[in-house]
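Reading through the structure tokens given below for one structure.
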2 protein chains.
Amino acid sequence: MGNPDQTIAERIREGIRDFTASERRAGLALLSHYPMAGLETVAEFAARAGVSAPSVLRFVARLGHASYPDFQRALRDELEAQLKTPLMKASHETSAPPQDRLGRFAAAMVANVADTFAHLPPQEFDAVAALLADPRRKLHLVGGRFTDAIARYAASHLRILRPGVAHLAGQVEHWRDHLLDLGRRDVLVVFDIRRYQENIVTLATEAAGRGATIVLVTDQWLSPVSRVAGHVLSARIEAPSNWDSTVAMLALTEALVAAVTERLWPSAKGRIEEIERLRGLA
Amino acid sequence: MGNPDQTIAERIREGIRDFTASERRAGLALLSHYPMAGLETVAEFAARAGVSAPSVLRFVARLGHASYPDFQRALRDELEAQLKTPLMKASHETSAPPQDRLGRFAAAMVANVADTFAHLPPQEFDAVAALLADPRRKLHLVGGRFTDAIARYAASHLRILRPGVAHLAGQVEHWRDHLLDLGRRDVLVVFDIRRYQENIVTLATEAAGRGATIVLVTDQWLSPVSRVAGHVLSARIEAPSNWDSTVAMLALTEALVAAVTERLWPSAKGRIEEIERLRGLA
DNA sequence: TCCCATCTGAAATCAGTATTCCAGAATTGA
DNA sequence: TCAATTCTGGAATACTGATTTCAGATGGGA
């Protein structure tokens, strides 16, 4: 299969000295029509390179591929990885890309996610991940009008990874009961964006007063909860729409979940298997 | 074969309405993995799309190609023309592939969102937006284990914009009651990704049987719900993590909400003001 | 409800392609 | 110049993958 960290083109350039004459011709033909020539049939490729089919196969074998289809698969994978780069998007959209609303919306989303990660303080991120991965801490998650979906989403993942995860759902009245239990060992994760909700601020302030650690995930203008928060992470939420976008905030949340997953993996692995088993029973 | 001035992707998007169900699945599979899926063998392509090999061939024939190899040649030519221009450069200088996990995660998120919008068939998107904005239709939203948060999120926005929006929450048992009310005038919006949930498929199938229109928002591999869906939108969900990412799906959903908002704005404006007023009272 | 038209995929068939073999050509070194 | 070695491509072979067929499934209309 060859070294997967190297493109096929690189391997050809590197090894071309040691090739036989017809292998070299095949290699040059491929490089000069890269990578399409390699996606043709052996016969076509051979004709293009001016060599025989067997020579092409020897060339492919020399590059370390088990068979011609295997070689083509590698080329396709390589190409696909290349096409993944977002630059490609522009060339795909034939007509007036920045004009249409959908395109503008897409561009804004992409920018939000990119900016959010670009401005993320790694220490802060790691500190939060460590906190969420600490099994001695109890976690409580709560969100506002629209961000509650993210709180819920995070909770549903974290609950799988570790015990002691609660989502403060719906009714504000229930929160009071929860408050009673919040203390030094508790972490309250608050999701709150623009048009910050008063009751959320009150809850966080009260919880902080009782000694709980507050983690705030908010927008770039920072919810007032930041006053009492031990850790603050912010995400970009602007969109060409009447609504704010929580896409970047979800991306940030997923990144946190991924980091926590990694930290907890030894213990979480068995836990997940057990959960799968129980789900199977249901 | 076919009109040479049009890309194959365009022809698919344009004609997809008139395709048969399995041709449509093939088309969607190709669009969501464009154009690599089409460079695979018929069998691989068929497996990816979840249809049989003959269906893929009928799909290719419908696009106006004389044979599968002819179709592949067209794809290659198209791709070659694209590669000729801008991004050869960018792909070669893969400078600084972010080694750190957070950077890789961020890059994947950005790519997911970009790809999702790049491969989104605009007609399909518009059709869904129109459906969701039709006040004569009742909307019912439901999601799976992790996607339910998105269903809920979408519902909370749509509910503000228009009447007749229901979120099928939690308990599977409650769904049954709901099913009774689903008929020709109803739209069931289903969010379902990898490790597709059986009960969701059952629900959608049953709802479709009762004449409801099914809108499916799924991943690039298409939930089995696509069999009964009137409209399918797919989002990229792969992430360098143990979990799949729903970021792009949320982005897609927000784009839909934005489109619906725009369509309904004249009527929604007053509605929102009224809601604000009521919230003020509480 | 039944019928007709349409669609779909399993299996059989067929075509074309990769692969192998080997004889002869080219190259090398003495 | 001559052998030894390496390389090369024509032709036979073995597969794999495209294509066709057809029976059954599906859906829509009377």
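Let me know the shape class of segment A:101-281, please: from the alpha-carbon gyration tensor, a ≥ b ≥ c as square roots of the eigenvalues, rounded when a/c is under 1.5, otherwise prolate if a/b is greater than b/c, or oblate. Can you show the working numbers first?
On the way: a/c = 1.64, a/b = 1.19, b/c = 1.37.
In terms of gyration-tensor shape, oblate.
Using protein heavy atoms only (no ligands, DNA or RNA), what is the total accessible area buried between A and B, 1.4 Å probe, nearest 100 Å²?
5800 Å²
Shape call for the protein assembly as shown from the C-alpha gyration tensor, a ≥ b ≥ c root eigenvalues: rounded (a/c under 1.5), prolate (a/b greater than b/c) or oblate?
Working: a/c = 2.10, a/b = 1.52, b/c = 1.38.
Judged from the Cα gyration tensor, the protein assembly as shown comes out prolate (a/c at least 1.5, a/b above b/c).
Roughly how crowded by other chains is peptide A:35-46, in terms of the mean Cβ count from those chains within 10 Å of each of its Cβ atoms? Write out the running numbers ahead of the final one.
Values: counts 4, 5, 2, 0, 7, 4, 2, 0, 0, 1, 0, 0.
Taking all residues of A:35-46 together, the mean is 2.
Net charge near A:Met36, counting Lys/Arg +1 and Asp/Glu -1 over other residues with Cβ under 9 Å of its Cβ? Numbers along the way, then the final one.
On the way: positive: B:Arg76; negative: A:Glu40, B:Asp77, B:Glu80.
Taking every Cβ under 9 Å from that of A:Met36, the sum is -2.
What are the distances, in nm and sorted shortest first, from the label point of B:Arg159 to the label points of the same position in each other copy, with each label point placed 7 Å from Cα along the Cα-to-Cβ direction?
Listed shortest first, these distances are 1.9 nm.
Averaged over peptide A:248-259, how many Cβ atoms belonging to another chain are found within 10 Å of each residue's Cβ?
Working: counts 5, 2, 11, 14, 4, 1, 10, 10, 0, 4, 9, 4.
Other-chain Cβ atoms within 10 Å of each residue's Cβ, averaged: 6.
Can you give me the Rg/Rh ratio for segment A:162-204, using Cα atoms for both radii and the Kirkwood formula for Rh?
0.96
Compute the separation of the alpha-carbon centres of segment B:239-273 and segment B:200-232 and state it in Å as a whole number.
Spelled out, the Cα-based centre of one part sits 20 Å from the other.
Indicate the residues belonging to segment B:111-146 that lose 30 Å² or more of solvent-accessible heavy-atom surface (probe 1.4 Å) upon moving from the chain alone to the assembly of all protein chains, ignoring ligands and nucleic acids.
Buried by 30 Å² or more upon assembly, which counts only protein chains, are B:Val113, B:Ala114, B:Asp115, B:Phe117, B:Ala118, B:Arg145, B:Phe146.
What part of the accessible area of the protein assembly as shown, given as a whole %, is carbon or sulfur when the probe is 1.4 angstrom?
On the way: 13450 of 25000 Å².
After summing per-atom areas, the C and S share lands at 54 percent.
Hand me the trypsin sites (Lys or Arg not before Pro) from segment B:112-165 located in a DSSP loop with no more than 11 other Cβ atoms within 10 Å, in residue order please.
B:Arg136
Which trypsin sites (Lys or Arg not before Pro) in segment B:186-282 sit in a loop by DSSP (not H, G, I, E or B) and have at most 16 other Cβ atoms within 10 Å of their own Cβ? Write out the running numbers ahead of the final one.
Values: sites: B:Arg194, B:Arg195, B:Arg210, B:Arg227, B:Arg236, B:Arg263, B:Lys269, B:Arg271, B:Arg277, B:Arg279; in loops: B:Arg194, B:Arg195, B:Arg210, B:Arg236.
Filter output for segment B:186-282: B:Arg194, B:Arg195, B:Arg210.
Kindly give the distances from B:Trp243 to its copy-mates, label point to label point, with each label point 7 Å from Cα along Cα→Cβ, as nm values to one decimal ordered shortest first.
For B:Trp243, the other copies' label points sit at 2.1 nm, shortest first.
What whole-number value in Å² describes the accessible area per residue of chain B for a 1.4 Å probe? It would help to have the intermediate numbers written out before the result.
Working: 11950 Å² over 282 residues.
Counting only protein heavy atoms, the per-residue value for chain B is 42 Å².
What number, rounded to the nearest 500 deg cm²/dmol, is the helix-based mean residue ellipticity at 222 nm of chain B, given -39500 (n - 2.57) per DSSP H run of at least four residues and division by all its residues?
On the way: 13 runs with 165 residues, N = 282.
After summing the helix terms and dividing by the residues of chain B, the value is -18500 deg cm²/dmol.
In whole Hz, what ³J(HN,Hα) sequence does segment B:199-210 give by Karplus (6.51, -1.76, 1.60; θ = phi - 60°), x for Gly and Pro?
3J(HN,Hα) across segment B:199-210, in whole Hz: 5, 5, 4, 4, 4, 5, 4, 4, 4, 4, x, 7.
Would you mind listing the distances between the B:Arg195 label point and the same position in each other copy? Use 7 Å along Cα-to-C-beta, nm, one decimal, shortest first.
Spelled out, the distances from B:Arg195's label point are 3.5 nm.
The values are calculated or read from the model by the stated rules, or taken from the named source; none is laboratory data. None of these values were measured; they are calculated from a predicted model. Using ideal geometry, Cβ is built from the backbone for each residue, glycine included, and neighbour counts are taken over all protein chains shown. Note: accessible area is taken over every heavy atom of the protein model, side chains too, but ligands, DNA and RNA are not part of it. Shrake-Rupley method; radii C 1.70, N 1.55, O 1.52, S 1.80 Å.
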